[in-house]
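Written out below as structure tokens is the structure these notes cover.
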Amino acid sequence: MSTSEQAKPKRNLKPLWIGLAFASLFIITFLPNNGDLPIAGQRALAILAFAVILWVTEAVSYPVSSTMIIALVTILLGLAPSMEDPTTQLGTSEALKLALSGFSNSAVALVAAALFLAAAMQITNLHKRLALWILSLVGTKTKAIVCGAILVSIALAFFVPSATARAGAVVPILLGMVAAFGLPRDSRLAALLVITSVQAVSIWNIGIKTAAAQNMVALNFIKEQFGVDISWGAWLLYAAPFSIIMSVALFFIMITLIKPETNNIEGGKDVIKKQLADLGPLKAPEIRLIITSVVLLFFWATEGKLHPFDTTTVTIVAIAILLMPKIGVYTWKEVEPHIPWGTIIVFAVGIMLGTVLLNTQGASWLSDKVFGSLGLDSMPILATIAIVTLFNILIHLGFASATSLASALVPVFIVLASTLTVNVDQVGFVIVQQFVISFGFLLPISAPQNMLAYGTGAFTTKDFLKSGIPLTIFGYLLVLLFSATYWKWIGLL
């Protein structure tokens with residue numbers, strides 16, 4: 001083979017993207033300011049542009065970009081005029097307090113606690129046992145296993161508050177069933193089952209408040225700006241019917257568009273039985289984790305009704321119990337390697353950046369420029385939701401992290417909601433758009449759980465798009481239908 005025929009090494013564009021991020025930061029920071037936006041707001045938007053470029057291109061890892069954002073907020077806002085007294089600088093000491101404020105946020109504590117809970121499921125293998133048990137009940141027909149993969153994702157969403165952990169539990173089991181039938185990992189059957197499982201994970205990121213970190217971002221901003229707490233049960237009432245219908249649509253889309261090599265996996269039942277046998281009987285730590293999880297679910301579901309404890313408080317108490325000697329399920333030494341500490345940093349910085357955008361009027365200026373020219377403030381609410389939802393779906397194509405997307409967009413949606421002159425619940429409008437932020441259906445890069453599944457080699461990007469396009473279109477139309485009916489009837493909109 002000649003040199004010209006050999007594959008060229010992939011060019012490393014990361015330095016280019018980093019350079020572009022810093023160039024955007026510099027240009028926006030020093031653009032002429034006509035006074036319609038505070039200097040601090042202009043610099044906050046410059047930092048947002050810097051962050052978005054690094055988030056979209058992944059030129060550096062998310063924790064690294066988060067550290068850079070903290071440094072930029074400290075310096076650029078510290079040297080900017082104070083919002084309270086424009087004749088004085090804010091000062092780097094005050095700016096540093098602002099830059100680190102996200103770490104003291106209760107939403108960050110909830111995400112951290114959720115990661116500990118997901119780690120408990122992984123260490124005890126309880127999430128795998130639950131997935132195997134459900135799949136053992138559905139039979140060996142391909143359609144039944146597709147249905148089982150969806151049911152597993154639904155069940156795990158209640159108990160495993162990490163989309164990546166849920167996908168990590170189900171995907172290997174499904175691939176084991178494919179292998180048992182003698183089919184390769186890149187078979188149509190593997191593509192059907194694996195894509196189904198991760199799409200269902202994304203769907204139930206919407207349905208359950210505690211299923212995804214990006215929900216915590218939105219709820220934190222809502223609480224800060226509107227003073228409204230959305231309970232676990234209220235979120236379930238708003239979102240679960242939507243996710244149930246989306247799950248039914250997913251089943252029919254998958255079995256219609258991706259045709260497997262076989263309609264029956266006889267060997268699959270044996271694989272599940274063997275894996276369940278390998279796990280052995282329920283162990284004491286698993287039993288304790290089941291009891292803790294069920295009690296935790298009860299406290300989540302009855303928040304604000306039977307007790308005064310919020311979601312974050314009861315989750316932290318549960319983690320404290322799980323860490324206690326004798327009655328817990330793991331030690332700190334055991335759990336520490338399972339916690340993605342960088343995720344907590346990214347989450348805290350995302351909350352901080354969104355808060356800075358709101359407090360410096362950067363979000364309101366951006367909302368006015370992006371949506372103001374469209375005249376959304378006087379449009380019928382359904383038309384407004386249609387346009388903003390489409391914008392939300394399209395911009396997600398550039399983001400690999402829904403948490404980062406929520407950090408960038410939710411502050412803008414909050415400001416937009418406050419400018420609408422039509423009769424609409426502002427909190428409800430923002431929550432609906434938060435549902436759409438979890439639409440990671442189109443590309444493997446649209447969500448971490450998609451990338452985990454893509455890494456198995458079970459499907460191609462084309463396969464994923466084949467299901468993602470109709471699922472996204474159906475989801476978009478369902479948002480409009482629910483906005484005109486169910487969400488209006490129950491008082492969300």
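Net charge in the neighbourhood of P172 (other residues with Cβ under 14 Å of its Cβ; Lys, Arg +1, Asp, Glu -1) is +4. Beyond a 32 Å Cα-Cα separation, which of these cross-linked pairs lie in this structure: K369/K488; K223/K283; K141/K305; K141/K462; K274/K326? The answer is K223/K283; K141/K305. Rolling a 1.4 Å probe across all protein chains gives Y454 an accessible area of roughly 90 Å². Computed with a 1.4 Å probe over protein heavy atoms only, the accessible area of H307 comes to about 20 Å². Could you work out the local net charge near T140, counting Lys and Arg as +1, Asp and Glu as -1, over the other residues with Cβ closer than 10 Å to its Cβ? Local net charge: 0. Overall form of the chain: prolate. Here a/c, set by the Cα gyration tensor axes a ≥ b ≥ c, is 1.5 or more, and a/b is the larger of a/b and b/c. Taking 0.36 nm per residue of separation and subtracting the Cα-Cα distance, full extension of the segment from E84 to V64 would add 4.1 nm. A simple spin-label model places the labels of S104 and N33 2.6 nm from each other, with each point 7 Å out along Cα-to-Cβ. Highest average first, the peptides 90-96, 27-33, 197-203 ordered by how many other beta carbon atoms sit within 10 Å of their residues are 197-203, 90-96, 27-33.
Over segment 320-376, give the accessible area per residue in Å² for a 1.4 Å probe, as an integer.
47
If the segment from K259 to W489 were pulled out straight at 0.36 nm per residue, it would be longer than the present Cα-Cα gap by 78.9 nm.
With a simple spin-label model that places each label point 7 Å from the Cα along the Cα-to-Cβ direction, the separation between V248 and F22 comes to 5.5 nm.
Mind checking which aspartates and glutamates have their Cα closer than 16 Å to the Cα of K259? Skip sequence neighbours fewer than 8 apart in that chain. In chain and number order, the partners are D186, D463. For segment 154-170, backbone phi angles converted through the Karplus equation (6.51, -1.76, 1.60; θ = phi - 60°) give residue-by-residue couplings of 5, 4, 5, 4, 6, 10, 10, x, 8, 4, 5, 5, 5, 5, x, 7, 8 Hz, Gly and Pro being listed as x. Extension gain for A144-L13 works out to 42.7 nm (0.36 nm per residue, less the C-alpha to C-alpha distance). In order along segment 28-44, the Karplus-derived 3J(HN,Hα) couplings, from 6.51 cos²θ - 1.76 cosθ + 1.60 at θ = phi - 60°, round to 5, 4, 9, 5, x, 10, 8, x, 7, 9, x, 3, 4, x, 4, 6, 5 Hz, and Gly and Pro are given as x. Put the Cα centre of segment 9-48 next to the Cα centre of segment 358-390 and the gap is 22 Å. Over the chain, what percent of the accessible surface lies on carbon and sulfur atoms, probe 1.4 Å? For the chain, the apolar C and S fraction of the accessible surface comes to 67 percent.
The translational diffusion coefficient of segment 379-493, from Stokes-Einstein at 37 °C and 0.692 mPa s with a Kirkwood hydrodynamic radius over alpha carbon pairs, comes to 220 µm²/s. For segment 401-442, the solvent-accessible area works out to 19 Å² per residue, with a probe of 1.4 Å and every protein chain left in place.
In percent, rounded to a whole number, the relative contact order of the chain is 20, using alpha-carbon pairs under 8 Å and six or more apart.
Dimensions of segment 224-312 along the principal axes, based on C-alpha atoms and rounded to the nearest Å, stand at 54, 41, 20, largest first.
Annotation: per residue accessible area for segment 1-153 equals 50 Å², rounded to a whole number [probe 1.4 Å, protein chains only].
Once backbone amide H atoms are built at 1.01 Å from N, N264 has T142 as its partners under 5 Å, excluding neighbours fewer than 5 places away on the same chain.
When peptides 108-115, 310-317 are sorted by average Cβ neighbour count within 10 Å, with the highest value leading, the order is 108-115, 310-317. The listed residues K369, K259 rank as K259, K369 when sorted by accessible area, largest first, using a 1.4 Å probe. Based on the alpha-carbon gyration tensor of segment 271-334 and its eigenvalue square roots a ≥ b ≥ c, which shape applies: rounded if a/c is under 1.5, prolate if not and a/b is larger than b/c, or oblate? It comes out oblate by the Cα gyration axes.
The values are calculated or read from the model by the stated rules, or taken from the named source; none is laboratory data. Quick caveat: nothing in here was measured; it's all calculated off a predicted structure. Cβ coordinates were reconstructed from backbone atoms using ideal geometry, including for glycine residues, and neighbour counts include every protein chain displayed. Calculation scope for accessible area: heavy atoms of the full protein, side chains included, ligands and nucleic acids excluded. Shrake-Rupley method; radii C 1.70, N 1.55, O 1.52, S 1.80 Å.
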